[in-house]
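> Take this structure, written in structure tokens, and hold onto it; I'll ask about it next.
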């Protein structure tokens, strides 16, 4: 019984340490690219993601801004709200309803347009899972992650905890699919 209790205590400590590392990585991500990106991809669903992506058009000078996961009744006018994209073409992806579907929708778009690299914009806590899902469908894609920063509070910690569990699931799922795929 003592060995079981010790095992659970150690497991809990390891879990807490790994989660803290996850939060530190999320919080410490810096968006410092001195590059021009032809293609910006943004995932809907989080606060200020689309605004941040459209605002980034002035910095990164993209040719295209692909917005994945747009609600079917949302119009182009709703999204743009008199904002300028500095000449970038805005493409609305309407097929995705979750991060896994975002990855598929983005991959379809990049393959149709022969794209090899993107600036990926999503919420800071959502970046690790978004990257994992994209890498699963296209390991050759060069991804430059760009985080929309969240306010550090209890709600943020809760979102990080939820994402930590989801990204852990994605990594395990992807790992197992590679192993099963070899047999």
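> Yes or no: residue 41 surrounded by 12 or more Cβ atoms within 10 Å (Cβ to Cβ), touching a residue at least 12 places away in the same chain (Cβ under 8 Å), in contact with a strand residue (DSSP E or B) (Cβ under 9 Å, 6 or more places away or on another chain) and in a loop (DSSP other than H, G, I, E, B)? Full working, then the answer.
Values: surrounded by 12 or more Cβ atoms within 10 Å (Cβ to Cβ): yes; touching a residue at least 12 places away in the same chain (Cβ under 8 Å): yes; in contact with a strand residue (DSSP E or B) (Cβ under 9 Å, 6 or more places away or on another chain): yes; in a loop (DSSP other than H, G, I, E, B): no.
So residue 41 fails the test.
> Of the residues that sit in segment 77-103 and are in contact with a helix residue (DSSP H, G or I) (Cβ under 7 Å, 6 or more places away or on another chain) and part of a loop (DSSP other than H, G, I, E, B), which one is surrounded by the most Cβ atoms within 10 Å (Cβ to Cβ)?
88
> For the structure I just gave you, tell me whether residue 115 is in contact (Cβ under 8 Å) with a residue 40 or more places away in the chain, buried (at least 17 other Cβ atoms within 10 Å of the Cβ), in a helix (DSSP H, G or I) and more than 15 Å from the chain's Cα centre (by Cα).
Numbers: in contact (Cβ under 8 Å) with a residue 40 or more places away in the chain: yes; buried (at least 17 other Cβ atoms within 10 Å of the Cβ): yes; in a helix (DSSP H, G or I): no; more than 15 Å from the chain's Cα centre (by Cα): yes.
Against the criterion (in contact (Cβ under 8 Å) with a residue 40 or more places away in the chain, buried (at least 17 other Cβ atoms within 10 Å of the Cβ), in a helix (DSSP H, G or I) and more than 15 Å from the chain's Cα centre (by Cα)), residue 115 does not qualify.
> Something else about it: From the list 157, 143, 106, 121, pick out the single residue that is in contact with a helix residue (DSSP H, G or I) (Cβ under 9 Å, 6 or more places away or on another chain), surrounded by fewer than 20 Cβ atoms within 10 Å (Cβ to Cβ) and under 24 Å from residue 57 (Cα atoms).
Working: 157 fails: under 24 Å from residue 57 (Cα atoms); 106 fails: surrounded by fewer than 20 Cβ atoms within 10 Å (Cβ to Cβ); 121 fails: surrounded by fewer than 20 Cβ atoms within 10 Å (Cβ to Cβ).
Step by step, each of 157, 143, 106, 121 is checked, and only 143 is in contact with a helix residue (DSSP H, G or I) (Cβ under 9 Å, 6 or more places away or on another chain), surrounded by fewer than 20 Cβ atoms within 10 Å (Cβ to Cβ) and under 24 Å from residue 57 (Cα atoms).
> May I ask you to say which residue of 54, 65 is part of a strand (DSSP E or B) and within 24 Å of residue 150 (Cα to Cα)? Even if it seems obvious, please write down each step before you answer.
Working: 54 fails: part of a strand (DSSP E or B).
Going through 54, 65 in turn, the sole match is 65.
> Could you look through segment 127-159, keep only residues that are part of a helix (DSSP H, G or I) and in contact with a strand residue (DSSP E or B) (Cβ under 7 Å, 6 or more places away or on another chain), and pick out the one that is farthest from residue 28 (Cα to Cα)?
Quick first cut of segment 127-159, residues part of a helix (DSSP H, G or I) only: 127-137, 154-159.
From what is left, the residues that are in contact with a strand residue (DSSP E or B) (Cβ under 7 Å, 6 or more places away or on another chain) are 127, 130-131, 134.
Numbers: 127: 12, 130: 17, 131: 16, 134: 22 Å.
Out of the qualifying residues, it is 134.
Each reported figure results from applying straightforward, stated rules to the coordinates on display, with no laboratory input. Keep in mind that this is a model prediction, so the values were computed, not measured. When we count neighbours, we look across all protein chains shown, and the Cβ atoms used for this are built from the backbone with ideal geometry, even at glycine.
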